[in-house]
Every structure is written in structure tokens, then in C-alpha cells.
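Please read the structure below before turning to the comments.
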Amino acid sequence: MPLALLDALALAVTRRVAGALPGDRRAAGVGAGTELAQLRPYAFGDDVRRIDAAATARSGEPHVRLEVPERTLTSWLAIDVSASMAFGTADRLKADVAEGVALAVGRLALRHAGRIGVLAFGAGEPRLLPPRGSKAGMVALRRALRDGVGTDGHHEPGALGDALGRIGRVARQPGLVVVISDFREQHDWTRAMGNLRARHAVLAVEVHDPREGSLPPVGRIAVVDPETGQRLEVDTSRPRVRERFEALEAQRRQTLASELRRLRVDHAPLSTDEDWLLQLGRRLR
């Protein structure tokens, strides 16, 4: 991964995250920090070191000073590891693109003392790794990616919605959520995505393969859905079959883009036949 591209990507991500947070690398609430949040009368149990001398002198009674806390940015990666991600007819598999995006975002998230949490979904019970910083965060991410994708014949149409809902319950402080998936055969996820967008900066990375959008005229073939195991024989020599296939896929992707646009979620479609890191930077910029 070229460092220049990663630096450019870091700037693009920071601009978007800054809109969801009350400042760069800053969390909501009051606590120990540098920016004043509140001055209030001293109450029993307050730390006497928080007493503000100037406010106490002006009012004639002890006042304590509370600041906006400076905290690290916590980023969450929701990674689709369903069987459909193990498909690819170009330079790489969809799972390879997802792994690269996860590693790039992970490296960016750990800068400036950040933390990263990981949730892998789509292959049985979701695997949740709590936020970690520095080297431990990257080791945990690589370990989750090393497990690979799920086995064929395992289909979970509600996995994406469940994963987004789980992140919404555990990610208490505003931060960045990056969803990496092909968004195929997933239902009832828009509400959970909207709830996340209300509190966090959300980036949806859609990974697709060019063969998913068009059929070559190679005669009669048998295709199998890796998740449901359904087998279907298709005569690709018929132009109407190829046109209908392309129209249905175009409609599916257009519906996905419309839903993400309605939810005001940043959408970055990446293909297995392109320089995904360069395209990701261009999309964000």
C-alpha cells in the first residue's frame, strides 16, 4: 500500500469523521480536557483539584471546572465474511478487496492513538473483537481476517442488519463505522444503518465483481449460489437472457445506492478488476 495514497485517504476520512464528532479526535461529554464545558458550584465528592480559582473568587463560593474530554477516536469495521465474498473472476476475489480495505482503514484508524473494533458477520455467530489500540488492534484485525469466509451453503439474510444493530449497541461514543460487504441477498438492514448514521460517521464499501453484472455468451452453463446452494442452468447464448440478467443486477445496485443516499451514508463501490485503494481514495475525495 503506497504511503502517499494512505495519507491522502487519511485526510479524506478525517473530513468525514469531523462532521459526526464535535471536534477532531474528541468525544462527547465532560471530563478531563482542555476546552471548558461547564462551571458549576462545588458539590460533596468533587475532586478539589477541579476547583476554578477565578470563578470561586468572583462568586464567593467554590466552583469546579469541567472540560470537554480529549479522547481517542474509536473506529469500527463491520466485515462481511459470507460465502458470496469468495467470488472473483478478475484480478482478485471480493474477499481480497475487503481484506485490503480493512487493513488500510485499520492502519488509518490507529493513527493518533486511535482504537479499532472489528465485527465479522455472515458466517454463523458474529465475531466481535472489542476496540484495541496500537499493535494489539492490528493483530486482532489480522487474526479476524485470517479466518477467511464462511462455507458454501450457509445463508443468513439478516446478518448485515444484526451486525449493524450490535455495533450500535456497543459503540457508545461517536466515531467512524466502515461497513465492507457486497450487500447481496441482505434484508432489513436500512433501519439499523440509519440509527448508526444518526450517531456516527458511516462509510459503506460495496465490493462487486464485473461478472456479477453481465453474462458472457458461452452457451449453456450451470450456476450455483454459494450461500443458498441453489443450482440453475442458463442458456447464455440467448440475448434476452443476458439483457434480463444485466437489467436485474443494474436495478439491484441502483436500489442500494439510492438507499445509502437516502440515509446520507458515504458509498464507495469497489470492483475486483480495478486498483481498489486508488478508487477508494477518489470516492472519498
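The values are calculated or read from the model by the stated rules, or taken from the named source; none is laboratory data. It should be emphasised that the depicted structure is a prediction, and the values quoted were computed from it without experimental measurement. A quick note on method: Cβ atoms are made from the backbone with ideal geometry, for glycine too, and the neighbour counts reach across all protein chains shown. Note: accessible area is taken over every heavy atom of the protein model, side chains too, but ligands, DNA and RNA are not part of it. Shrake-Rupley method; radii C 1.70, N 1.55, O 1.52, S 1.80 Å.
Details
- Residue-level accessible surface for GLU233, protein heavy atoms, 1.4 Å, Å²: 100 Å²
- Of the listed residues ASP209, ASP235, the order by accessible area with a 1.4 Å probe, largest first, is ASP235, ASP209.
- As a length-normalised measure over Cα pairs under 8 Å and 6 or more apart, the relative contact order of the chain settles at 20 percent.
- Summing +1 for each Lys or Arg and -1 for each Asp or Glu among the other residues whose beta-carbon sits under 11 angstrom from that of MET193 gives +2.
- Nitroxide proxy distance, nm - points 7 Å out along Cα→Cβ at SER258 and SER214: 2.4 nm
- Lys, Arg +1 and Asp, Glu -1 on Cβ, resulting dipole of the range 89-233 about Cα centre, debye, nearest 20: 1040 debye
- Nearest-20 debye value, the chain charge dipole, Cβ charges on Lys, Arg, Asp, Glu: 860 debye
- Ordered by 1.4 Å accessible area with all protein chains kept, LYS135, LYS94 run largest first as LYS135, LYS94.
- Structure-derived percent of Cα pairs over 32 Å apart: which label, when the choices are (1) 19; (2) 35; (3) 44: (2)
- Two-decimal log10 I(q)/I(0) for the range 143-285, as the Debye equation yields it once each C-alpha is a single scatterer, q = 0.10, 0.19, 0.21 Å⁻¹: -0.43, -1.32, -1.46
- Theoretical ellipticity at 222 nm over the chain - DSSP helices of four or more residues, -39500 (n - 2.57) apiece, nearest 500: -12000 deg cm²/dmol
- Modelled FRET efficiency - R0 51 Å, ILE51 with GLU125, Cβ distances, 0.05 increments: 0.50
- Calculated FRET value between THR236 and ASP273, using beta carbons and R₀ = 25 Å, to 0.05: 0.80
- Helix axis angle, 94-109 relative to the chain longest principal axis, alpha carbon, degrees: 10 degrees
- Heavy-atom accessible surface of SER271, to the nearest 10 Å², is about 10 Å², with a 1.4 Å probe and all protein chains retained.
- Cα lying deepest toward the dipole's positive end in the chain, options ILE79, ALA54, LEU5, charges on Cβ: ALA54
- Taking all protein chains as they are arranged and a probe of 1.4 Å, the heavy atoms of HIS208 leave approximately 30 Å² accessible to solvent.
- Solvent-accessible surface ranking, highest first, for ASP225, ASP162, ASP182 at 1.4 angstrom: ASP162, ASP225, ASP182
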